[in-house]
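What follows is one structure encoded as structure tokens, with my remarks underneath.
The values are calculated or read from the model by the stated rules, or taken from the named source; none is laboratory data. Fair warning: this is a prediction, and the values are worked out from it, not measured in the lab. Quick reminder, even Gly has a Cβ in these numbers, built from the backbone with ideal geometry, and neighbours come from all protein chains shown. Ligands, DNA and RNA are stripped out before the accessible areas are found, and what is left, the full protein with its side chains, is counted by its heavy atoms. Shrake-Rupley method; radii C 1.70, N 1.55, O 1.52, S 1.80 Å.
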Amino acid sequence: MADSRSLRRVQLALLPVLLIVEFLVFSLLSPRFFTPENLANIAYNSADLALVAAGVTLVVILGGIDVSTGFAVGIVAWTVAKLSGTGLPAFVVILAALVVGALLGAINGSLVTFGKVPPIIATLGTAAIFQTALFALWNSNDLFSSPIAPIFSGERVLGVPMVVALVIAVYALLAWFMHRRPSGRELYATGSNPEAARLSGIRVKRLTFLSYLTIGVLVGLAGLIYVGRVGVVQASSGNELTLLAIAAVVVGGTSILGGEGSVLRTLGGLVFIVVLQNGIVLAGVPPLWNGLMVGTTIILAVAIDVLAARKANRPLLRGLA
């Protein structure tokens, strides 16, 4: 029977194969799929999701989780829409979005780090609070946003949306940090065994709080891109990002139990998810199948992850509690 390393290798090798199959199938089903315009639109429309998924990757590798990100993006989008309609300079609106995102991340970080609340419980609680706040703020009325800085509203350079260049820069920076900087490597050590990491001198609490703070800043950027992309924001804005971000992380091969993974793997998982969604629409498949296929993919990816953890005799619940 396959050992844990073999299962991991199968998991990582499977994704490129599935991507190739996905591109081939959808290219045959729809002549509009494999065109530069459609591929550019896929990249532009998934930029906010990509930033949220990058932040989720950090906390998952650390051994945590964040299920409040979609509602946090909604709160940032509300802030941006409100402020951009007042005539304030763009840099003030951008700064406010980043500050609000960081504050929401700091709330989660404080609950997990200092309150010692399990990450899944803490972020489920804040997700409910953020959702309630959103509906209270919106009062069931749509909110129309004014244009913000060009980088967040679909402007292109050499045919490439500027937000895509921003996402590439964020992923490159995080990949460099996680694999080249001591603090980045400490993420993996903490995710593998937090008690051993603490005894070896790693400041686990500081690392945990800063990781949730970072996801908050990325949520702030995602909220700016969401408003720039959609233009009209509502109380339900961003709701779908939580599930899709976690899907991108686990499908990419980052262990939901902590200690393994990378943002580059998440990028592969993200491409698989967004291409699947786009291809289904262009192929004329009923939207009902979209959620079914994404959910099934998540279950299969987590099942392989759990099976590999069992083979390696790793605890199964630490990453979610």
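Give segment 195-234 a look and list any residue that's of a type in the set (A, V, I, L, M, F, W, C), touching a strand residue (DSSP E or B) at 6+ places or on another chain (Cβ under 9 Å) and open to solvent by 10 Å² or more (accessible area, probe 1.4 Å), or say none.
Val232
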If you go through segment 242-253 one residue at a time, do you hit one that is open to solvent by 10 Å² or more (accessible area, probe 1.4 Å) and either more than 17 Å from the chain's Cα centre (by Cα) or not aliphatic (A, V, I, L, M) (or both)? yes
Quick one: would you say Thr113 is farther than 25 Å from Gly184 by Cα and either among the polar types (S, T, N, Q) or at pLDDT 95 or above (or both)? no
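Can you give me the ranges of the helices (runs of 4 or more DSSP H) entirely in segment 1-118 with at least 2 residues that are open to solvent by 70 Å² or more (accessible area, probe 1.4 Å)?
Values: elements: 4-29, 36-45, 47-61, 69-84, 90-113.
By residue number, 4-29, 36-45, 90-113.
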Going by the conditions given, is Ser236 touching a residue at least 12 places away in the same chain (Cβ under 8 Å), farther than 28 Å from Gly115 by Cβ and not in a helix (DSSP H, G or I)? yes
Could you tell me whether any residue of segment 273-284 is buried (at least 18 other Cβ atoms within 10 Å of the Cβ) and within 27 Å of Tyr188 (Cα to Cα)? yes
Any residue at all in segment 292-300 that's in a helix (DSSP H, G or I) and open to solvent by less than 20 Å² (accessible area, probe 1.4 Å)? yes
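Among the residues of segment 166-181, what is the count of those that are open to solvent by less than 70 Å² (accessible area, probe 1.4 Å) and more than 17 Å from the chain's Cα centre (by Cα)? Explain how you work it out, then say what you get.
Quick first cut of segment 166-181, residues open to solvent by less than 70 Å² (accessible area, probe 1.4 Å) only: 166-167, 169-172, 174-175, 177-178.
Adding the requirement that they be more than 17 Å from the chain's Cα centre (by Cα) leaves 177.
Number of matching residues: 1.
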